[in-house]
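So the structure is just underneath, and the comments pick up after that.
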């Protein structure tokens, strides 16, 4: 090739499907011309441009099908092969002798190449997913669902599957530290003994414990025992993805926090009010997905219908028979209109919304006792109260909707709990702060100023237990490296209350300690092992003489029989959902849990970072989602960088135009 031809040659586009601007007008024209259902993965695919088809054909556009350099592939491989050979010659150093010692007596159950399987459970935001862990030579290698467990029937989600990678994360915290210097477990025990003795005389008035959501019966029992020994101490709970609205809505409707579970295989009509219940992270997702799928087989009988009213495109919305994109702030008004149409409340209907509500209401009335209303966790408490009222008015309670005790052992409003803790920290009321897991210095609301309070309030002793040396650990004097859940004994509850025993698959890789062992030291019980703590608790719950067989069966099956919560009768409070609906003008910002890294806790998990988001197919990125109408009105294009401002706080992000996103609304993800 001549020099001139080289200079005139155009470089290959990295992504041909994005080299031209998206023509929204042609997209709208094509949508208006469609007849019947049509499915597409992105607006580019809907537009059907030649560039997009080229990109899909090549999959990896640059260099996937041709070698564009003047050096041929064969020449490149020949050159690299010679380079590797020459590099190897410089490394011909004799390595030191290392003895390899075989088994003196090989364990009877170990056969190289043949895996063993152990039942356990993975907990996320207080809700357990029962699992079977595949182990090779006592090293966990794969996770699958426990098909015998009633809460999942063998299903798992992406977070559960990828959690095994965190076990082998080289960036895990590996030592106990004090002010950055390595210390021992014994030194930590000696250091905390004095402050605890001082607090004994003060009834623990200066002690604060901060945990994430707790569903472990044993851990809850340990915390309650500690609070009895130190009656003035306080237990606070916080994590950014919580169920404050769920429990507050139950209090508004029934006067008490309850857990709501659904029987979707008995529902003919399902209405989702911004609830993404068919994606991982929603409590009970694995079971709900199975039950939903049962009723979507046209050869198995009458199919159920799914209506989804949502503020952000989701996996659940993608499966809906009828989907309605609505701003999050407007969903409460629609719920009130639906409540009025169903005869369980008051509301007004007008315009296009009235047609939607009339159609849904007619379908619900035609399937009384065989329908279900599911509100999203991020919807306000009033929407949850309305959903409870609607389910009761439609006769669904006891048929498709059930109420049980709360799975969370301490179902307080977590946002208010953290706010109270920060106030005590700034008020000089905290002498000993113990943080069991989480990273509130990073993920607490910015206007709370938790990190600033932790750093500048001169709390005499701050202790952090965690898997990572994160932002919170950096602001504490003591950091204790925590065991991964596959390295410890514990117990935990699924969404239906069923208790699973968490058993270790491998000895702690870095000599870490669990929250159970930490609380055992704090409570004055000494250095008890996690196994003894869990087993002793269940000996109290099962005092019969056959405990050994009960224990072995529970470990083998993966859950403790008879621990599922029984449905409870709850009485609705009068006018529980009579507060006026919210209204707002302008552009709303929705903060949602990330489909891949949740609230940010999985940011170091390469599997989840590489997992394409279900709607955008993006990886390793956090876009600003806007709808086509808003993008066209504001002159925005994909990958434009915009600045979002809320209450004086600013953040920048890249625009992603998402089909099906409501107008005058922006969605960003946590993490």
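Any read-out appearing in this document is the output of simple, stated calculations on the displayed coordinates, not a laboratory observation. All values derive from a computational prediction rather than experimental measurement. Glycine also receives a Cβ, built like all others from the backbone with ideal geometry; neighbour counts cover every protein chain displayed.
For the stretch 588-669, the spread of Cα coordinates along the three principal axes comes to 37, 29, 19 Å, biggest extent given first.
How are the Cα pair distances of the stretch 251-357 distributed, in percent, across 10 Å bins from 0? Over the stretch 251-357, the share of Cα pairs per 10 Å bin runs 13, 39, 37, 11, 0 percent.
Peptide packing for 279-288, 614-623, 598-607 was compared via the average number of neighbouring C-beta atoms within 10 Å per residue; ordered from the highest value, the list is 279-288, 598-607, 614-623. If you restrict to DSSP beta bridges whose two residues both lie in the chain, what percentage is antiparallel, to the nearest 5? Of those bridges, close to 50 percent are antiparallel. Residues of the stretch 611-628 falling in the label zone of residue 45, defined by backbone nitrogen less than 19 Å from a point 7 Å along Cα to beta-carbon, are 611-620, 626-628. When you count the other C-beta atoms within 10 angstrom of each residue and take the mean per peptide, 549-562, 249-262 line up highest first as 249-262, 549-562.
Two decimals is fine: what is log10 I(q)/I(0) at q = 0.25 Å⁻¹ for the stretch 110-176, from a Debye sum with one equal scatterer on every Cα and no solvent? Debye curve over Cα of the stretch 110-176, log10 I(q)/I(0) at q = 0.25 Å⁻¹: -1.09.
Take the Cα of residue 103, step 7 Å toward its Cβ, do the same at residue 138, and the gap between the two points is 1.1 nm. If you bin all the Cα-Cα distances of the stretch 420-515 at 10 Å, starting from zero, the percentages per bin are 15, 37, 27, 19, 1. The length gained by stretching the chain between residue 340 and residue 53 to full extension, at 0.36 nm per residue less their Cα-Cα distance, is 98.5 nm.
The share of alpha-carbon pairs in the stretch 372-477 lying farther apart than 20 Å comes to 54%. For the listed peptides 432-440, 202-210, a ranking on the average number of other beta carbons within 10 Å per residue, highest first, reads 432-440, 202-210. For a label point 7 Å from the Cα of residue 182 along Cα→C-beta, name the residues of the stretch 475-498 whose backbone N is under 18 Å from it. What the label zone holds, given the 18 Å backbone N cut-off, is 478-483.
Extending 7 Å from the Cα toward the beta-carbon at both residue 28 and residue 228 defines two label points whose distance is 6.8 nm.
If the segment from residue 640 to residue 531 were pulled out straight at 0.36 nm per residue, it would be longer than the present Cα-Cα gap by 33.8 nm. Hull volume per residue, based on the alpha-carbon atoms of the stretch 157-259 and their convex hull, is 180 Å³.
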